[in-house]
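Participant: This is the structure I have questions about; it appears just below.
Any read-out appearing in this document is the output of simple, stated calculations on the displayed coordinates, not a laboratory observation. It should be emphasised that the depicted structure is a prediction, and the values quoted were computed from it without experimental measurement. Positions of Cβ are generated from backbone atoms using ideal geometry, with glycine treated the same way; all protein chains shown enter the neighbour counts.
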Amino acid sequence: MLGLKMATDPRWVNIAEKSIEEILTDHAFCEQKAASSGISLIVRYPERSEMVEEVTAVVAEEWGHFRKVLKELNKRGHSLGPQRKDEYVGALLKIKKHSNDRDKNLVEDLLVCAMIEARSCERFRLLSLHISDPALKSFYHEFMVSEAGHYRMFLDLACKYRPEAEVKARWQEFLDAEAAILAAMELRGDRMH
């Protein structure tokens, strides 16, 4: 469904489970950054009414997710802790093309968002299937479903601002680049990406 060209190493869940507070902390910051990214899209492209409307709903949902993960951390006796640098997202941002055409730039931003949501969905699916804690299985299943919807929404929005064939071709480039990024990254159990 997601079209990702490289699957997460199956050992990731086992590694992540050993320090679940680290994954929950990173997950919380991912949700906060997703909400912030949505706000940035709205601020940069306020004239795109349909995008503003759809992304506004995502911002509210992502902030609700942040609160939910924070509550889970607190329930387990952990605090949020310091934010970490997201090397995965930093690498994705480097593959964005910049143009004098606002719609092309918007599509690039939407595709970065779609890619992050797709990878998050894949990781949440793994957690929902393989983590040993039954409460966290259900917790992450809920997030998986939500991220799948966001991924699809960002791709659909991109096709409203540029021709679909162009968006699909560029998405394939993103998929190839993302696979290379993932292949070069160390497998870590303290990061969502």
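Participant: Using unit Cβ charges (K, R positive; D, E negative) and no other charged atoms, how large, in debye to the nearest 20, is the dipole of the range 70-139 about its Cα centre? Each step should come with its number before you reach the end.
Facilitator: Values: 14 positive and 10 negative charges, 44 e Å.
I would put it at about 220 debye.
Participant: What list of whole percents do you get for P(r) of the range 101-193, with Cα-Cα distances grouped in 10 Å bins up to the one holding the largest distance?
Facilitator: P(r) over the range 101-193, rounded to whole percents: 16, 40, 30, 12, 2.
Participant: May I ask you to list the lysines whose Cα is less than 16 Å away from that of residue 97, ignoring any residue fewer than eight positions away on the same chain?
Facilitator: The reachable lysines, counting only those whose Cα sits under 16 Å from residue 97, are 168.
Participant: By the gyration tensor of its Cα atoms, with a ≥ b ≥ c the square roots of the eigenvalues, what is the shape of the range 28-100: rounded for a/c under 1.5, prolate for a/b over b/c, or oblate? Present the calculation step by step, with values, prior to reporting the outcome.
Facilitator: Numbers: a/c = 3.93, a/b = 1.51, b/c = 2.61.
Oblate is the answer for the range 28-100, as a/c is 1.5 or above yet b/c matches or exceeds a/b.
Participant: Name the most mobile residue of 68, 94, 168, meaning the one with the largest mean-square fluctuation, in a Gaussian network model of the chain with Cα contacts below 10 Å.
Facilitator: The residue with the greatest mean-square fluctuation here is 94.
Participant: Sticking with this structure for a sec: With unit charges on the beta carbons (Lys and Arg positive, Asp and Glu negative) and the dipole taken about the Cα centre of the chain, which residue among 81, 128, 115 sits farthest to the positive side?
Facilitator: Toward the positive end, the furthest listed residue is 81.
Participant: Return the tail of the calculated pair distribution for the range 6-137, meaning the percent of Cα-Cα pairs more than 24 Å apart. Could you put the intermediate results ahead of the total?
Facilitator: Numbers: 3115 of 8646 pairs.
Everything past 24 Å amounts to 36 percent.
Participant: Given the convex hull over the Cα atoms of the range 1-48, what projected area results after averaging over all orientations, in nm²?
Facilitator: Working: hull surface 20.7 nm².
Result: 5.2 nm².
Participant: Just subtract the alpha-carbon distance of residue 97 and residue 71 from 0.36 nm times their residue separation and send over the number in nm, one decimal.
Facilitator: Here the segment from residue 97 to residue 71 would lengthen by 5.6 nm.
Participant: Would you tally the net charge around residue 129, using a Cβ to Cβ cut-off of less than 12 Å, leaving residue 129 out, and scoring K and R as +1, D and E as -1?
Facilitator: Working: positive: 123, 125, 137; negative: 122.
Around residue 129, the surrounding residues sum to +2.
Participant: Kindly give Rg over Rh for the range 133-178, based on alpha-carbon atoms, with the Kirkwood expression for the hydrodynamic radius.
Facilitator: Numbers: Rg = 14.7 Å, Rh = 12.3 Å.
Dividing the radius of gyration by the Kirkwood radius yields 1.19.
Participant: Name the most mobile residue of 148, 28, 180, meaning the one with the largest mean-square fluctuation, in a Gaussian network model of the chain with Cα contacts below 10 Å.
Facilitator: It is 180.
Participant: Points 7 angstrom from Cα along the Cβ direction at residue 15 and residue 177: gap in nanometres?
Facilitator: In this crude spin-label approximation the distance works out to 2.4 nm.
Participant: Turning to a different aspect of this structure: Mind ordering 124-131, 10-17 by average Cβ neighbours within 10 Å, highest first? Mind showing how you got there, number by number?
Facilitator: Details: 124-131: 18.8, 10-17: 15.9.
Most protected by this proxy first, the peptides run 124-131, 10-17.
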